[in-house]
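S.K.: I have a structure here, written as C-alpha cells, and I will follow up with some questions on it.
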Amino acid sequence: MPDANPIISISDAEIYRGQNCVFKNFSLAIDAGVDTAIVGPNGAGKTTLLKLFARELYPSRGDVSIFGESHWNIWELRKKFGVVSTDLQQNFRPHTPGRSVVLSGFFSSLNTFGHQTFSDDQIQIAEKVSSDLGIQDFVDTPFFEMSTGEQRRHLLARSLVHDPSVLVLDEPTNGLDLQAQFQFFETASRLIDSGKTIVLVTHHLHEIPQEVSRLVLLKRGSILVDGPKEEVLTSKNLSELYEVPVRVSVSGGYFHATPGQ
Ligand SMILES: Nc1ncnc2c1ncn2[C@@H]1O[C@H](COP(=O)(O)OP(=O)(O)OP(=O)(O)O)[C@@H](O)[C@H]1O
Ligand SMILES: [Mg+2]
C-alpha cells in the first residue's frame, strides 16, 4: 500500500553540512497525523534532518520529497510549516519589536520590511495568536530585550500565524523555566488536538507530549530504532543510544530518563 500522506519522504539521501557528510544512504518517511519525536546525542544529525522539511538544506544525492513533491516554490512550502528552533532565535534581527516578530511569520522573514503590507485580517490573526500565548504586552519590545522564554513564545506565535499543518520544533523549550515549558507543551498538545502534526526534537523525554506516538532514535546519522513510543523508549535502547547506562521510567504518561541500569 502506498504511504498514507507523507509530510516528508527521504530516500537514499546524502546530506552535507559544510564539509561534513551527516547522512549517507539515509531514508525516512513521516506521515501527516503521526506526531513524531526524534531523540539522539549531540551531533547525531537531528537539526540537519529538520532543516530538510522547509528546504533550508537539500540532499546532494537521493531524493527528499515534501508532501509528495520534490520541487517547491520555497515561499509556498514554508507556509505549510511552522518552525521553532534555537537557530532561528539566534538569527533573528535584535531590534525587531514583538509585533513584527509575530507578523514576520506571514513572510517567513526575520523582520518586517517596508514593502511588506499586512491586511487587517493578518493583523487580527497576529493579535489573537499573541494573546493566546500571553505575549500581547510585548508589541513594542525589541527582540533583544526579551528573555529567552519570551523570545521563544514570539517564535511560536510567528510559526502559527499562517496556520501551518505541521510544526517542526527543534528543542523548543531550551532555556525555558518550568512554567514556560509546561505552557509550551500544553500549547503543543492543543495544537495536536486541533489537527496539526508535530515533529519534535528534544533531549528531555518528559517533554514528549502524550499525543506523540512515534519515536525515532538517531545516532551518528543513522536510525538506531524507529517505532511506537512505548516500544522504543526503553532503558536498553536509550543506553545504547547514549553509550551510558540510562534507566527509563514512565509516570502519568510521561517518560523520564535517569542514570543507571
Ligand atoms: N554549519 C555546519 N557546518 C559544518 N558542519 C556542521 C554544521 N552544522 C552542523 N554540522 C555538523 O553536522 C553534524 C550534525 O549536526 P546537527 O546540528 O544536525 O546535530 P544535532 O543532532 O542537532 O545535535 P545537537 O543535539 O547538539 O543539537 C555534527 O557533526 C555537526 O558538527
Ligand atoms: Mg540540534
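Read the figures in this text as sums done on the coordinates, not as results from a lab. On a predicted model such as this, the values are computed, not experimentally measured, just so you know. In this analysis, Cβ positions are derived from the backbone assuming ideal geometry, glycine residues included, and neighbour counts consider all displayed protein chains.
S.K.: Taking only DSSP H segments of four or more residues, each worth -39500 (n - 2.57), what value at 222 nm results for the chain once the sum is divided by all its residues, to the nearest 500 deg cm²/dmol?
M.R.: Result for the chain, helices only: -8000 deg cm²/dmol.
S.K.: Provide, in order from the shortest bin, the percent of all Cα-Cα pairs of the chain in each 5 Å bin, continuing until the bin that contains the maximum pair distance.
M.R.: Histogram of Cα-Cα distances, whole percents per bin: 1, 6, 13, 17, 18, 17, 13, 9, 5, 1, 0, 0.
S.K.: Order these peptides, 128-138, 235-245, by their mean beta-carbon neighbour count within 10 angstrom, highest first.
M.R.: 128-138, 235-245
S.K.: Could you list, bin by bin from short to long, the percent of Cα-Cα pairs of segment 7-139 in 5 Å steps?
M.R.: 2, 8, 16, 19, 17, 14, 11, 8, 4, 0
S.K.: Okay, next question. Hey, what did the chain get for relative contact order, percent, Cα under 8 Å, at least 6 apart?
M.R.: For the chain, the relative contact order is 22 percent.
S.K.: For helix 178-193, report the angle its Cα long axis makes with the longest principal axis of the Cα atoms of the chain; keep it between 0 and 90° and round to the nearest 10°.
M.R.: 90
S.K.: By how many degrees, 0 to 90 and rounded to 10, does the Cα axis of helix 120-132 deviate from the longest principal axis of the chain?
M.R.: Taking Cα atoms only, the helix is inclined about 50 degrees.
S.K.: Right, something else. Given a cut-off of under 8 Å on Cα pairs at least six residues apart, what relative contact order in percent is computed for segment 123-261?
M.R.: Once divided by the residue count of segment 123-261, the mean separation gives 15 percent.
S.K.: Tell me the net charge near L217. Cut-off is 13 Å between Cβ atoms, L217 excluded, with +1 for each Lys or Arg and -1 for each Asp or Glu.
M.R.: Charge balance in the 13 Å sphere: +2.
S.K.: Near T47, within a Cβ-to-Cβ distance under 13 Å, what is the net charge of the other residues, with Lys and Arg +1 and Asp and Glu -1?
M.R.: So the surrounding residues net to -1.
S.K.: Normalise the Cα radius of gyration of segment 96-250 by 2.2 N^0.38 Å (N = residues in it) and let me know the number.
M.R.: 1.20
S.K.: Show me the ranking of peptides 43-52, 17-26 by mean Cβ neighbours inside 10 Å, starting with the highest.
M.R.: Most protected by this proxy first, the peptides run 43-52, 17-26.
S.K.: Also, quick follow-up: Could you give the dipole magnitude of segment 128-237 about its Cα centre, charging the beta-carbon of Lys and Arg +1 and that of Asp and Glu -1, in debye to the nearest 20?
M.R.: 440
S.K.: Moving on to the next point. What is the Cα centroid distance between segment 209-257 and segment 148-204, reported in whole angstrom?
M.R.: What the calculation gives is 20 Å, centre to centre.
S.K.: According to the Cα gyration tensor, what semi-axes, each the square root of 5 times an eigenvalue, does the equivalent ellipsoid of segment 167-234 have, listed from largest to smallest in whole Å?
M.R.: Whole-Å semi-axes of the equivalent ellipsoid: 21, 15, 11.
S.K.: Also: Per 10 Å bin from zero, what fraction in whole % of the C-alpha pairs of segment 76-165 is there, up to the bin with the longest pair?
M.R.: 19, 58, 23, 0
S.K.: Taking the Cα atoms only, what angle lies between the long axis of helix 148-160 and the longest principal axis of the chain, rounded to 10 degrees?
M.R.: Taking Cα atoms only, the helix is inclined about 80 degrees.
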